[in-house]
Amino acid sequence: MEQREAAAKRAEMLEKMRTATDFNAFSRALYEYICMRLSLPAGTKERDLYRLVVYSVKLRMKDVDTERLEERLATVDCHQTSYVVSRKNLLMMEIEKGIGVRMPAEMLDDVRTADDYAHALWRVKQNEA
């Protein structure tokens, strides 16, 4: 997908989330956005956010054996954060900014899956409306 087309698609999907009036439409748009941003194939079934990021890296680094790749992904930076956790957090911040909500940090402690995230975002979105 060309850069301009990809940016337009991201903006369109964020607008769907921003203007959604029912949870199911919001949740579908969110999951579609997450998969698109991570360059995952259509039909991806995984819902765990951490595993989705790992899967996206594996798809891009097919020639690296899985065990070695997972070792590399598990290493931490000076902030004691792995690449996968950083990527997941940046994705979540991008989504929150894109739909105009601010998620309290304590709500993120329980977010593990795309469904958890959709429910938490929906609650915040409804409270801010």
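The values are calculated or read from the model by the stated rules, or taken from the named source; none is laboratory data. Because the structure is a prediction, the values reported are computed rather than measured. Reconstructed Cβ throughout: ideal geometry from the backbone, glycine too, with neighbour counts over all protein chains shown. Ligands, DNA and RNA are stripped out before the accessible areas are found, and what is left, the full protein with its side chains, is counted by its heavy atoms. Shrake-Rupley method; radii C 1.70, N 1.55, O 1.52, S 1.80 Å.
With every protein chain left in place and a probe of 1.4 Å, what is the accessible surface of residue 92, to the nearest 10 Å²?
The accessible area comes out at roughly 10 Å².
Among (1) 18.5, 78; (2) 20.1, 78; (3) 15.2, 47, find the value of Rg and Dmax of the Cα atoms in Å that was calculated from the structure presented, and write down its label.
(3)
Got a number for carbon plus sulfur as a percent of the chain's accessible area, 1.4 Å probe?
Here it works out to 49 percent.
Angle check, please: helix 3-19 long axis (alpha carbons) against the longest principal axis of the chain (alpha carbons), in degrees 0 to 90, nearest 10.
50 degrees
Answer rounded, prolate or oblate for region 24-96, using the Cα gyration tensor with square roots of eigenvalues a ≥ b ≥ c: rounded when a/c is under 1.5, else prolate when a/b is larger than b/c, else oblate.
Judged from the Cα gyration tensor, region 24-96 comes out oblate (a/c at least 1.5, b/c at or above a/b).
Tilt of helix 23-37 relative to the longest C-alpha principal axis of the chain, in degrees (0 to 90, nearest 10)?
The helix 23-37 is inclined about 30 degrees to the chain.
Please give the Cα centre distance for region 94-129 versus region 4-45, rounded to the nearest Å.
If we compute the Cα centre of each part, the gap is 15 Å.
Sort 45-54, 114-123, 10-19 for me by packing, meaning the mean count of neighbouring Cβ atoms within 10 Å per residue, highest on top.
Ranking the peptides 45-54, 114-123, 10-19 by packing returns 114-123, 45-54, 10-19.
Pull out the extension gain between residue 19 and residue 126, defined as 0.36 nm times the separation in residues minus the alpha carbon to alpha carbon distance; nm, one decimal.
Contour length minus the Cα-Cα distance gives 37.4 nm.
Calculate for the chain the 222 nm mean residue ellipticity that helices alone would give, adding -39,500 (n - 2.57) per DSSP H run of length 4 or more and normalising by residue count, nearest 500 deg cm²/dmol.
-21500 deg cm²/dmol
Once you order the gyration tensor axes a ≥ b ≥ c over the Cα atoms, which shape class does region 68-129 get: rounded for a/c under 1.5, otherwise prolate or oblate by comparing a/b with b/c?
prolate
Over the chain, average the accessible area per residue using a 1.4 Å probe and give it in Å², no decimals.
64 Å²
Pairs 16/62; 58/88; 58/125: which exceed 21 Å Cα-Cα?
Result: 16/62; 58/125 exceed 21 Å.
Please list 72, 4 in order of solvent-accessible area, largest first, computed with a 1.4 Å probe with all protein chains present.
4, 72
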